[in-house]
Amino acid sequence: MNEALNNILLRNSPRELSEPFPSEDEMEKVYQAALRAPDHAWQRPSRFIEVTGDGLKKLSAAFEDFAKENIENLSDEILKRYIDAPYRAPMIIIVISEIKAHPKVPEIEQMLSTAAAAENILLALNALNYAGMWRTGVFALNDKISSYLGLEDNQKVLGYLYVGTPVGKQKNIPEMNSSEFVTKWI
């Protein structure tokens with residue numbers, strides 16, 4: 001089977017990630033792959049914040065502050081889960097879409113371009129024998145989180161890619177019958 005197609009078919013979101021994570025040179029290739037995503041009118045909306053080391057503490061603090069100030073009836077247990085979330089992987093890539101006013105490229109299309117860039121990141125990581133999982137939840141797709149991350153008003157967090165080396169038992173890739181998802185007009 002074609003190596004590129006096999007990479008797509010075998011990509012999976014692991015249950016657990018640990019070190020090592022990609023080197024700076026490897027991440028340059030990953031970001032170059034991300035920037036190959038479809039991009040109508042060359043808007044280049046995709047932005048990324050790479051978080052490692054002490055940056056994970058900074059992200060944890062941002063999650064904690066956001067949760068305390070914006071989530072009603074926040075239990076200590078849920079708050080602890082939010083504080084601990086960044087430590088589930090040795091690297092996190094915050095996926096951001098920087099929305100620009102354009103007469104032919106609406107906001108949603110720019111966000112979809114960034115989503116395609118995120119998938120390219122996951123595929124590139126897989127090709128380099130690393131792994132990633134895409135997380136959203138309360139810290140994504142809302143306008144309030146941006147200020148806690150030091151973003152501009154036109155920047156939207158689409159999600160967080162947790163990155164590292166997969167460890168432990170891997171999830172089985174389920175068999176999929178494409179006919180359940182595809183309608184053919186002949």
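The values are calculated or read from the model by the stated rules, or taken from the named source; none is laboratory data. All figures in this text were calculated on a predicted structure; none of them were measured in a lab. Cβ: placed from backbone, ideal geometry, glycine included. Neighbour counts: every protein chain shown.
So here's what we get for this one:
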| item | result |
| --- | --- |
| Failed condition for residue 23, given (1) under 17 Å from residue 121 (Cβ atoms); (2) touching a helix residue (DSSP H, G or I) at 6+ places or on another chain (Cβ under 7 Å); (3) modelled with pLDDT of 95 or more | (2) |
| Verdict on residue 46 being among the small types (Gly, Ala, Ser), modelled with pLDDT of 95 or more, in contact with a strand residue (DSSP E or B) (Cβ under 8 Å, 6 or more places away or on another chain) and closer than 21 Å to residue 146 by Cα | yes |
| Conditions (1) at pLDDT below 95; (2) on the phi > 0 side of the Ramachandran plot: number failed by residue 53 | (1) |
| Residue check for residue 69: out of contact with any strand residue (DSSP E or B) (no Cβ under 9 Å at 6 or more places or on another chain), loosely packed, with under 12 Cβ neighbours inside 10 Å, among the charged types (D, E, K, R) and in a helix (DSSP H, G or I) | yes |
| Candidate set: the stretch 154-182, residues that are at pLDDT below 95 and either of a type in the set (Val, Ile, Thr) or in contact with a helix residue (DSSP H, G or I) (Cβ under 9 Å, 6 or more places away or on another chain) (or both); chosen: the one surrounded by the fewest Cβ atoms within 10 Å (Cβ to Cβ) | 173 |
| Residue within the stretch 49-69 that is within 17 Å of residue 151 (Cα to Cα), in contact (Cβ under 8 Å) with a residue 40 or more places away in the chain and not hydrophobic (A, V, I, L, M, F, W, C) present | yes |
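Condition check ((1) within 23 Å of residue 154 (Cα to Cα); (2) in contact (Cβ under 8 Å) with a residue 24 or more places away in the chain; (3) out of contact with any Asp or Glu (no Cβ under 6 Å at 6 or more places or on another chain)) across all residues:
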{"residue": "16", "(1), (2), (3)": "no, yes, yes"}
{"residue": "25", "(1), (2), (3)": "no, no, yes"}
{"residue": "43", "(1), (2), (3)": "yes, yes, yes"}
{"residue": "74", "(1), (2), (3)": "no, no, yes"}
{"residue": "98", "(1), (2), (3)": "yes, yes, yes"}
{"residue": "101", "(1), (2), (3)": "yes, no, yes"}
{"residue": "110", "(1), (2), (3)": "yes, yes, yes"}
